[in-house]
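Reviewing the structure listed below.
The values are calculated or read from the model by the stated rules, or taken from the named source; none is laboratory data. Keep in mind it's a predicted model, so treat the numbers as computed, not measured. Methodologically, a virtual Cβ is constructed for each residue, glycine included, from the backbone with ideal geometry; neighbour enumeration extends over all protein chains shown. Surface accessibility is based on the protein's heavy atoms, side chains included, excluding ligands, DNA and RNA. Shrake-Rupley method; radii C 1.70, N 1.55, O 1.52, S 1.80 Å.
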Amino acid sequence: MAQVAKLLNMGIGRNRLFQLLRDKHILMNNNSPYQYYVDNGWFRLVESRFTKPNGDTCINIKTVVFQKGIKGIKKIVEKELDGR
């Protein structure tokens, strides 16, 4: 999201962007996107496994924002900034 905020270059940072997307019910409380937005091509979740030094295997989930998602987020931010 930090990269998305930088790409948008609209004076909104990562934390405010996260909060806005949670308020608009695009992201859940844990900052994962709702399935509706994944199905509509805004986001993709990428799972990667890694092993800790103690031998435990863990899974990390990363959210990738597609161009369609950036365009949608830009519209939401523009609407929010215009409403102030």
Fill in: Residue that is least open to solvent (accessible area, probe 1.4 Å) [pool: residues in the stretch 1-58 that are in a loop (DSSP other than H, G, I, E, B), among the hydrophobic types (A, V, I, L, M, F, W, C) and at pLDDT 95 or above]
I26
Worksheet item: Can you tell me which residues in the stretch 59-79 are open to solvent by 70 Å² or more (accessible area, probe 1.4 Å) and under 20 Å from L17 (Cβ atoms)?
Response: I61, K62, F66, Q67, K68, K71, K74, K75, E78, K79
